[in-house]
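Structure record follows, encoded as structure tokens.
The values are calculated or read from the model by the stated rules, or taken from the named source; none is laboratory data. Small disclaimer: the values here were computed from a predicted structure and weren't measured. Please note: Cβ atoms are built from the backbone with ideal geometry, for glycine as well, and neighbour counts cover all protein chains shown.
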Amino acid sequence: MDIFHFDPAATLSFFLTLFRISVVLFLLPFFGGRTLPAPVKAAMLLVLSFAVWPRLSFPAEMMPASGWNIGLMLLGEVVLGLVMGMMVNFLFAAVQTGGQIIGFQMGFAMINVVDPLTGLSEAVTAHFLYMCTTLVFLAINGHLFLLQGLAQSFEYIPPGRLFLSPQLVNNILDFSKVMFTLAIKIAAPVMAALFIVDLALALISRAAPQMHVLTLGFPVKIAVGFFFLAFIFNVLSDYVAGYVKGLDPLFLNLFKSVAG
């Protein structure tokens, strides 16, 4: 008599769901950050897997029969998580690049802080804009769009059926252009204002050579930079909101291009 009503098919189906969530989810921003302790990640993984398994699952027949094929399946899940995370991280990379440009223009190139998430050194303005972008992203439920994209992957990409097509590479290269254009759009107001300040200081140095323009220029550029930096937040929030709204079609095109 089967006391525990053990069903091998249901167990294999749960493991397929567990593999997809554990690999893909924790390669995405916020869920896979170093700031979350490992026990918290494990608890969230189990709770989320048990919650979505009745609705989002794969049939047991999709479980590979050999260890080699299971390794290939897990490798495909890692590639899927990396590609999805890359698409989201383009936004934060654009903001950090814009912050680096602003910091260089304001004279903050030598004032760096260490990012606790990546361990890299970056300008103060870049880290400040990054934290503001993170707060806006979470405030408009960007993390829920990531979970929705993970749910869509169950429909379009079965386990072990990921295919690296040339269309995927072209989509990533085309979408990477957004990082540079968005960085310039974010930094453009401060860059334009500081350019006018540099032009005014150049004219002052020509009209009054006895003035110490270099000493005068640093506080003026910092003050003007901070003044125009305050006007960036509305623009930044609009860019982040538009980016988050475009995640659904973005993930959909991504899944269609890698579905084998």
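Take the residues in the stretch 185-217 that are among the charged types (D, E, K, R) and surrounded by 11 or more Cβ atoms within 10 Å (Cβ to Cβ); name whichever of them is nearest to the chain's Cα centre (by Cα).
Taking the candidates together, the pick is 185.
When you check residue 36 against the structure, is it within 27 Å of residue 86 (Cα to Cα), surrounded by 11 or more Cβ atoms within 10 Å (Cβ to Cβ), among the hydrophobic types (A, V, I, L, M, F, W, C) and at pLDDT below 75, yes or no?
When the stated conditions are applied, residue 36 passes them.
Between 224, 244, which is within 30 Å of residue 83 (Cβ to Cβ) and surrounded by 14 or more Cβ atoms within 10 Å (Cβ to Cβ)?
Of 224, 244, the one residue that is within 30 Å of residue 83 (Cβ to Cβ) and surrounded by 14 or more Cβ atoms within 10 Å (Cβ to Cβ) is 244.
Would you tally the residues in the stretch 228-241 being loosely packed, with under 15 Cβ neighbours inside 10 Å and touching a residue at least 24 places away in the same chain (Cβ under 8 Å)?
Going through the stretch 228-241 one residue at a time, the tally reaches 3.
Testing residue 169 on (1) touching a residue at least 24 places away in the same chain (Cβ under 8 Å); (2) under 28 Å from residue 17 (Cα atoms); (3) surrounded by fewer than 16 Cβ atoms within 10 Å (Cβ to Cβ), one condition comes back false. Which one is that?
Against the list (1) touching a residue at least 24 places away in the same chain (Cβ under 8 Å); (2) under 28 Å from residue 17 (Cα atoms); (3) surrounded by fewer than 16 Cβ atoms within 10 Å (Cβ to Cβ), residue 169 comes up short only on (1).
Considering each of 48, 91, 75 in turn, give the residue that is at pLDDT 80 or above, surrounded by fewer than 17 Cβ atoms within 10 Å (Cβ to Cβ), in a helix (DSSP H, G or I) and not hydroxyl-bearing (Ser, Thr, Tyr).
Going through 48, 91, 75 in turn, the sole match is 75.
For residue 148, only one of the following conditions fails: (1) farther than 26 Å from residue 234 by Cα; (2) at pLDDT below 85. What is its number?
(2)
Test of understanding: among 31, 19, which residue is buried (at least 18 other Cβ atoms within 10 Å of the Cβ), within 30 Å of residue 90 (Cβ to Cβ) and at pLDDT below 80?
31
Select, from 42, 60, the only residue that is out of contact with any Lys or Arg (no Cβ under 6 Å at 6 or more places or on another chain) and surrounded by fewer than 16 Cβ atoms within 10 Å (Cβ to Cβ).
So the residue among 42, 60 that is out of contact with any Lys or Arg (no Cβ under 6 Å at 6 or more places or on another chain) and surrounded by fewer than 16 Cβ atoms within 10 Å (Cβ to Cβ) is 42.
Give the stretch 109-145 a look and list any residue that's modelled with pLDDT of 85 or more and not in a helix (DSSP H, G or I), or say none.
140, 141
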